[in-house]
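These notes concern the structure reproduced below.
The values are calculated or read from the model by the stated rules, or taken from the named source; none is laboratory data. Everything quoted here is computed from the prediction, not taken from an experiment. Cβ: placed from backbone, ideal geometry, glycine included. Neighbour counts: every protein chain shown. With ligands, DNA and RNA removed, areas are computed over all heavy atoms of the protein, side chains included. Shrake-Rupley method; radii C 1.70, N 1.55, O 1.52, S 1.80 Å.
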Amino acid sequence: MPEKLEEIRCGSCQRKLGEGRYTSLNIKCPRCGALNILRASAADPSSQSAPPARRRASSKNGNDNDAQNRGRSAP
């Protein structure tokens, strides 16, 4: 039986970007424009018990402090 492939989703908007196995993947979301940088936590997926480590997607404008700035009015 074929091995099940992992869903790859955007860390920002959760859009499904694909399915597969990876050790290192950089993929830009076509919906929101966020750059998703994914790295596997183990080289051999068969020995892996936890899902791969994922970094949070950066925002469209490249400012990673958007969450801190939400709700604040401009001076």
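Structure notes:
- For Gln14, net neighbour charge (Lys/Arg +1, Asp/Glu -1) across residues whose Cβ lies under 11 Å away: +3
- Lys16 versus Arg39: modelled label distance in nm, points set 7 Å from Cα along the beta carbon direction: 2.8 nm
- Within the accessible area of region 1-42 (1.4 Å probe), percent carbon and sulfur: 49 percent
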